[in-house]
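The values are calculated or read from the model by the stated rules, or taken from the named source; none is laboratory data. Because the structure is predicted, anything quoted here is derived from the model rather than measured. Cβ placement follows ideal geometry from the backbone for every residue including glycine, while neighbour counts extend to all protein chains displayed. Ligands, DNA and RNA are stripped out before the accessible areas are found, and what is left, the full protein with its side chains, is counted by its heavy atoms. Shrake-Rupley method; radii C 1.70, N 1.55, O 1.52, S 1.80 Å.
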Amino acid sequence: MTGYDFSAPFTFGVATAAYQIEGAAAEGGRGPSIWDTFSHTPGRTLGGDTGDVACDHYHRFASDIALMAELGVNAYRMSISWPRVQPEGTGRLNPEGIAFYRRVLTMLREHGIRPVVTLYHWDLPQPLQDAGGWTVRETAAAFARYAAAMAREFGDLAVDWTTLNEPWCTAFLGHCSGVHAPGVTDPATSLLVAHHLNLAHGMAIARIRGELGSRARCSVALNLHVTRPADPDDPADVAAAERIGTLGNDVFLAPMLEGRLPDALVAATSALTDWSFVTDGDLAVIHQPLDLLGVNYYSSNVVRRRRATDPRNSGGHGDTGVSPWPGCDDITFLDPAGPLTAMGWNIDPDALTELLVGLGCRFPGLPLMITENGAAFPDGADAEGRVEDVERIGYLEQHLAAVGRARQSGTDVRGYFLWSLLDNFEWSWGYTRRFGIVHVDYRTLRRTPKASFAWYRDVIGSRVLTID
Ligand code: PNW
């Protein structure tokens, strides 16, 4: 038996995102976002699913917060829907949207649950998209103004602010492979977008600190990729894995945390762009001190230098035929081995330990936080909505243990947010993929805690994870 100690002040939380759970898409003065447009475009999401109703959290937030209180979490990672609070993406705020989040944040406070607020979890106001979206620099400035407004409106109720969720997905799934909104398939554009997201992050942090001073704790949540070479003794495979690390991680880590544009990134993408859109002073704007780095982790990859006979990699639902990896068409992603989750993703907890330990070495003094970890499985609810999700419990147990091992080796990991509290709208996969520790019946919207909910409640209660 092995035991892992997660004594206070280690944070145990759950995570959600506005478009995936709120619904009420046309209520309370909310304007449309790029995900409304995208999900309503035929063929974009599996089954044509949309977030119009989702989990109806907009009307059911009180009972959802009661579930969190029952679970015993110390913290809740949520996102603000930008088009709900600022329908045009700039200018006037929507008082009904502000009032909604004030009710949510106030109720969290009453239950002693600390909110960690993500400002951008992919739902760009459609009017900003119509003006160019993330391909124009002005969107970064609009985001910073929105961030300042949120800090002003909610700074009395929230001290933890996360700028962007997974900018890799926005840049490369949104603008390169196009399987996410806005569905653009242009590798060169996706690199410009990555730079504008970096700028948006830096400008927003400066504005949040301007509003809240040292009271604010600022972070970003990155989906960092652990990529292994198929043959560690083949230099071409090792170089392939490094290039994926550059395009998947360093594209954000280096500007945000080191204030530099990596030579390897410029070299890997030289056929697509000369990066002349990075102008004097940009890197200094992007390079803001962070209080925490948020890490979203689900699975790892194995790559090799492409062989002539290698099939093209599949891009998942809505595959456009364009890979999300600009400048990497000579790299093959091998089919994942071993047991897979319902997303087709491998299960590799050791990669999480390696990732955390590696980040700890590279960025000493920067506390880390797992801002998302979890898994989709087929689940199969009975007539009462009960789910004995032993596979999910196994996945969570292994990954929490992986966090425990990183901590034992001296890495400063401050907390763990499980994705997700509820089954919800899983982007291009619609409602077909379930990540929740609470089952949602999408006909009745009834919530039923799964076996994993009781498991997590017990872990949080004892703050010890014991594995046989
Ligand atoms: C993340 N990929 O999305 C998001 O932050 C969540 O909103 C989402 O529900 C969760 O992970 C589970 O998917 C991702 O294709 C979506 O590499 C796609 C990818 C990665 C993360």
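From the list Asp329, Asp274, Asp263, which residue is more than 16 Å from the ligand (Cβ to nearest atom), within 23 Å of Pro232 (Cβ to Cβ) and open to solvent by 20 Å² or more (accessible area, probe 1.4 Å)?
Among Asp329, Asp274, Asp263, only Asp329 is more than 16 Å from the ligand (Cβ to nearest atom), within 23 Å of Pro232 (Cβ to Cβ) and open to solvent by 20 Å² or more (accessible area, probe 1.4 Å).
Inside the range 201-224, residues that are touching a helix residue (DSSP H, G or I) at 6+ places or on another chain (Cβ under 8 Å) and either assigned to a strand (DSSP E or B) or open to solvent by 30 Å² or more (accessible area, probe 1.4 Å) (or both) make up a count of 9.
Scan the range 165-182 for residues that are more than 10 Å from the ligand (Cβ to nearest atom), within 15 Å of Leu253 (Cβ to Cβ) and in contact with an Asp or Glu (Cβ under 9 Å, 6 or more places away or on another chain) and the total you get is 0. State yes or no: is Thr466 surrounded by fewer than 18 Cβ atoms within 10 Å (Cβ to Cβ), out of contact with any Lys or Arg (no Cβ under 6 Å at 6 or more places or on another chain), closer than 30 Å to Ser39 by Cα and not basic (Lys, Arg)? Spelling it out, it is not the case that Thr466 is surrounded by fewer than 18 Cβ atoms within 10 Å (Cβ to Cβ), out of contact with any Lys or Arg (no Cβ under 6 Å at 6 or more places or on another chain), closer than 30 Å to Ser39 by Cα and not basic (Lys, Arg).
Please verify whether Asp291 is among the acidic types (Asp, Glu), surrounded by 15 or more Cβ atoms within 10 Å (Cβ to Cβ) and within 30 Å of Gln398 (Cβ to Cβ), treating the condition exactly as stated.
Working: among the acidic types (Asp, Glu): yes; surrounded by 15 or more Cβ atoms within 10 Å (Cβ to Cβ): yes; within 30 Å of Gln398 (Cβ to Cβ): yes.
Yes, satisfied.
Touching a residue at least 24 places away in the same chain (Cβ under 8 Å), away from the ligand (no atom under 16 Å from the Cβ) and touching a Gly at 6+ places or on another chain (Cβ under 6 Å) - does that describe any residue in the range 185-204? No, the range 185-204 has no match at all. A residue that is in a loop (DSSP other than H, G, I, E, B) and within 16 Å of the ligand (Cβ to nearest atom) occurs nowhere in the range 153-164.
In the range 432-446, which residues are open to solvent by less than 40 Å² (accessible area, probe 1.4 Å) and either of a type in the set (A, V, I, L, M) or within 12 Å of the ligand (Cβ to nearest atom) (or both)?
To start, the set of residues in the range 432-446 that are open to solvent by less than 40 Å² (accessible area, probe 1.4 Å) comprises 435-441, 445.
Hits for the range 432-446 are Phe435, Gly436, Ile437, Val438, Val440, Leu445.
One residue stands out in the range 401-431 among those that are more than 24 Å from Pro115 (Cβ to Cβ) and near the ligand (Cβ under 10 Å from one of its atoms): the one that is surrounded by the fewest Cβ atoms within 10 Å (Cβ to Cβ), namely Trp429. Checked against (1) open to solvent by 20 Å² or more (accessible area, probe 1.4 Å); (2) touching a residue at least 40 places away in the same chain (Cβ under 8 Å), Leu359 passes all but a single condition, namely (1).
Quick grid of which residues meet (1) touching a Lys or Arg at 6+ places or on another chain (Cβ under 9 Å); (2) among the polar types (S, T, N, Q):
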{"site": "Phe10", "(1), (2)": "yes, no"}
{"site": "Thr16", "(1), (2)": "yes, yes"}
{"site": "Ala24", "(1), (2)": "yes, no"}
{"site": "Gly31", "(1), (2)": "yes, no"}
{"site": "His40", "(1), (2)": "no, no"}
{"site": "Arg44", "(1), (2)": "no, no"}
{"site": "Gly47", "(1), (2)": "no, no"}
{"site": "Asp52", "(1), (2)": "no, no"}
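Of all residues in the range 362-388, those being within 16 Å of the ligand (Cβ to nearest atom), assigned to a loop (DSSP other than H, G, I, E, B) and either aliphatic (A, V, I, L, M) or without any contact (Cβ under 8 Å) to a residue 60 or more places away in the chain (or both) number 4.
Checked against the criterion of being under 24 Å from the mean Cα position of the chain (by Cα) and more than 20 Å from Leu164 (Cα to Cα), the range 75-96 has no qualifying residue. Contact map, the range 219-242: first residue closer than 28 Å to Thr163 by Cα, second residue within 16 Å of the ligand (Cβ to nearest atom) and part of a loop (DSSP other than H, G, I, E, B), Cβ cut-off under 6 Å, separation 6 or more or different chains; pairs are Asn223/Glu166; Val226/Ser300. Among the residues making up the range 290-326, those that are farther than 28 Å from Thr45 by Cβ, assigned to a loop (DSSP other than H, G, I, E, B) and either out of contact with any Lys or Arg (no Cβ under 6 Å at 6 or more places or on another chain) or within 16 Å of the ligand (Cβ to nearest atom) (or both) are Leu290, Leu292, Arg306, Arg307, Ala308, Thr309, Asp310.
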